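Written out below as structure tokens is the structure these notes cover.
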Amino acid sequence: MAILVTGGAGYIGSHTVLSLLENDYEVVVFDNLSNASETSLKRVEQLTGKSVTFVQGDIRDKAALSQVFEQHDISATIHFAALKAVGESAQIPLAYYDNNVYGTITLLEVMQQHKVYDFIFSSSATVYGEEAIPPYVETMKLGTPSSPYGASKVMVERVMEDFGKSDANFRGVSLRYFNPIGAHESGQIGEDPKGLPNNLLPFVAQVAVGKREKLSVFGDDYPTQDGSCERDYLHVVDLAEGHVAALKWLENNSDFAGTDAFNLGTGSAISVFAIINAFESANDIQIPFEVAPRRAGDLPAFWANADKAAQALNWQAKRSLEDMMKDTWRWQSNNPNGY
Ligand SMILES: NC(=O)c1ccc[n+]([C@@H]2O[C@H](COP(=O)([O-])OP(=O)(O)OC[C@H]3O[C@@H](n4cnc5c(N)ncnc54)[C@H](O)[C@@H]3O)[C@@H](O)[C@H]2O)c1
């Protein structure tokens, strides 16, 4: 039996493939490489001494997906494949709904045809919407995200819920990620954004390595402790391990049917200025920055209530802020131009 990992060549996907292999799962990755390189998987193979089956394809291509289910004995799918740039999603919303929503529906249809029902979905804290008051807890209703990207995650969670009601075999888990950062401690795999990074840590790392002159801090007048935005940053390897924990939870809970959701975060928030300080002191590098205007859609602060994952999945983020900073820098300095 193998686990199908869509989007498995990407940032979180490649770290999860590594964790799966370390836990003796067989893995089939299906990725169209629109935002990734197959090199990430080659490195995962080197790091683990195990092999990964890679199929290049698009989740909207039913025939290509069907072939994967025909050729491999798949027991569950972990579904990372998506477009993920919040700002871009407002410029090309149709591409986001097509890729993220239609793509997921196609995947679920093909899974149903092949009688594969265990499904772990990459959701996001953004599903709680702008109106939710942190800490976010899973008992809160799905909200109204400010971007088409966020809306695509809410839509997929709704699709999963309705599908679960219609087919009693379906077992869907939404993992709502907070802010994954860092890289594998080997410095061999990490986040490799194309163009100007949207997220803070890749931006900091590119300034540190000299690819960009200075960091822009978007807003220093938020109602937070130091005026900059606060987020719940967690180490990507902890996040990867959260997927293995969710998979084991599904395996150990044969009575479970329908859908459930778990927050994956640390349970506390850190400001942009605190991240800059942490990166500087962990790595002994100065990060020049300037304060720029607020970005549309950025919320002042949010973080997870991570109790449900701790209790049910026996999962907690273990790695420290210093680990996150050191591992980010090890990856970036070893790979100044990415893969
Ligand atoms: N990185 C974050 O901060 C974050 C936060 C919350 C949720 N997520 C979600 O986690 C998932 C993984 O994110 P990531 O940061 O690893 O992004 P990523 O871009 O590195 O990974 C996504 C992968 O999916 C592939 N892909 C995209 N569209 C595809 C398609 N139509 N068919 C096949 N493959 C396709 C890309 O090539 C890439 O390898 C995404 O669903 C994202 O929305 C990410």
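The values are calculated or read from the model by the stated rules, or taken from the named source; none is laboratory data. Nothing here was measured: the structure is a model prediction, and the numbers come from that model. Every residue, glycine as well, gets a Cβ built from its backbone with ideal geometry; the counts of neighbours run over all protein chains shown. Side chains are part of the model used for accessible areas, which takes the heavy atoms of the whole protein and leaves out ligands, DNA and RNA. Shrake-Rupley method; radii C 1.70, N 1.55, O 1.52, S 1.80 Å.
Give region 169-227 a look and list any residue that's within 30 Å of Glu251 (Cβ to Cβ), within 16 Å of the ligand (Cβ to nearest atom) and not in a strand (DSSP E or B), or say none.
Phe178, Gly182, Ala183, His184, Gln188, Ile189, Gly190, Glu191
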Problem - Only listed residue being of a type in the set (A, V, I, L, M, F, W, C) and buried (at least 19 other Cβ atoms within 10 Å of the Cβ), chosen from Val101, Val137 - result: Val101
Practice task
Determine which member of the set Ala261, Ala317, Ala274, Ala312 is outside any helix (DSSP H, G or I) and open to solvent by 30 Å² or more (accessible area, probe 1.4 Å).
Solution key: Ala317
Exercise for the section: Could you list all residues from region 39-64 that are surrounded by 15 or more Cβ atoms within 10 Å (Cβ to Cβ), farther than 19 Å from Gln332 by Cβ, within 12 Å of the ligand (Cβ to nearest atom) and under 21 Å from the mean Cα position of the chain (by Cα)? Expected result: Leu41, Phe54, Val55, Gly57, Asp58, Ile59, Arg60
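Restricting to region 18-35, and then to whatever is within 15 Å of Glu185 (Cα to Cα) and not charged (D, E, K, R), can you tell me which residue is surrounded by the most Cβ atoms within 10 Å (Cβ to Cβ)? Before the answer, list the steps.
Taking region 18-35 first, the residues within 15 Å of Glu185 (Cα to Cα) are 18-19, 22.
Subset that is not charged (D, E, K, R): 18-19.
Details: Leu18: 26, Ser19: 22.
The qualifying residue surrounded by the most Cβ atoms within 10 Å (Cβ to Cβ) is Leu18.
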Completion exercise
In the set Asp232, Asp167, the lone residue that is in contact with a helix residue (DSSP H, G or I) (Cβ under 9 Å, 6 or more places away or on another chain) and surrounded by fewer than 22 Cβ atoms within 10 Å (Cβ to Cβ) is Asp167
Completion exercise
Selection over region 289-309 where residues are more than 27 Å from Pro145 (Cα to Cα) and open to solvent by less than 40 Å² (accessible area, probe 1.4 Å) yields a count of 0
Practice task
Check off (1) small (Gly, Ala, Ser); (2) under 18 Å from Ser123 (Cα atoms); (3) touching a residue at least 60 places away in the same chain (Cβ under 8 Å); (4) in contact with a Ser or Thr (Cβ under 8 Å, 6 or more places away or on another chain) for Ala306 and give me the number that stays unchecked.
Solution key: (3)
Handout entry: Meets criteria (outside any helix (DSSP H, G or I) and over 22 Å from the mean Cα position of the chain (by Cα)) for Val116
Key = yes
